[in-house]
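Take a look at the structure set out below.
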Number of protein chains: 2
Amino acid sequence: MRARIIITLKKGVLDPQGKAVKEALENLGFDQVKGVRVGKVIDVTLDGIREREEAERTVEEMCRRLLANPVIEEFTYEVMGD
Amino acid sequence: MRARIIITLKKGVLDPQGKAVKEALENLGFDQVKGVRVGKVIDVTLDGIREREEAERTVEEMCRRLLANPVIEEFTYEVMGD
């Protein structure tokens, strides 16, 4: 099983990296850019898990225990077969 | 219009951040983890663009000119209405 986890900053949390990207895009002439937010994508390959529900539980626990900081980040994920 | 851009390392490119995350997950007891790859997600809000095709062209150009490093990274994106 594979999972794609998307971790983004919560609304209202300052994003200096996103601000820097926005300014760089504007400097290149992309003046349509109104906002940029930068997050992480984590692709995980899981071995020995057959059931989608078990994979989802495992990924959810990974996010809660390590991958996402619940104070400033939120996460979504999608589990795919092999 | 909004766009979500996903930037990942090309296959074969070393990913020390992914390796560190994999080891941290293993140390927490997640021994089903076979591989981890870390990439970036960039959410862009575009102003004054009405047509999906124009938004896609703009985002594609942003990726090529600034956001992705074509030597080691590849990108995908999805454009959504407001």
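The figures follow:
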{"read-out": "Residue selected from the range A:46-59 under the condition surrounded by 15 or more Cβ atoms within 10 Å (Cβ to Cβ) and of a type outside the set (S, T, N, Q), by the criterion nearest to the chain's Cα centre (by Cα)", "value": "A:Val59"}
{"read-out": "Residue within the range B:60-70 that is open to solvent by 80 Å² or more (accessible area, probe 1.4 Å), farther than 16 Å from A:Leu25 by Cα, more than 9 Å from chain A (Cβ to nearest Cβ) and not hydroxyl-bearing (Ser, Thr, Tyr) present", "value": "yes"}
{"read-out": "Search result, residues across the range A:25-42 that are open to solvent by 50 Å² or more (accessible area, probe 1.4 Å) and within 7 Å of chain B (Cβ to nearest Cβ)", "value": "A:Leu28, A:Lys34, A:Arg37, A:Lys40"}
{"read-out": "Hits in the range B:43-59 - residues which are of a type outside the set (Asp, Glu) and facing another protein chain (nearest Cβ under 7 Å)", "value": "B:Val44, B:Thr45, B:Leu46, B:Gly48, B:Ile49, B:Thr58"}
{"read-out": "Odd one out for A:Lys19, checked against (1) at pLDDT below 95; (2) open to solvent by 40 Å² or more (accessible area, probe 1.4 Å); (3) not small (Gly, Ala, Ser)", "value": "(1)"}
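The values are calculated or read from the model by the stated rules, or taken from the named source; none is laboratory data. Just so it is clear, the structure is predicted and the values come from calculations on it, not from any experiment. Counting neighbours? That spans all protein chains shown, and the Cβs are built from the backbone with ideal geometry, glycine included. For accessibility, only protein heavy atoms count, side chains too; no ligands or nucleic acids. Shrake-Rupley method; radii C 1.70, N 1.55, O 1.52, S 1.80 Å.
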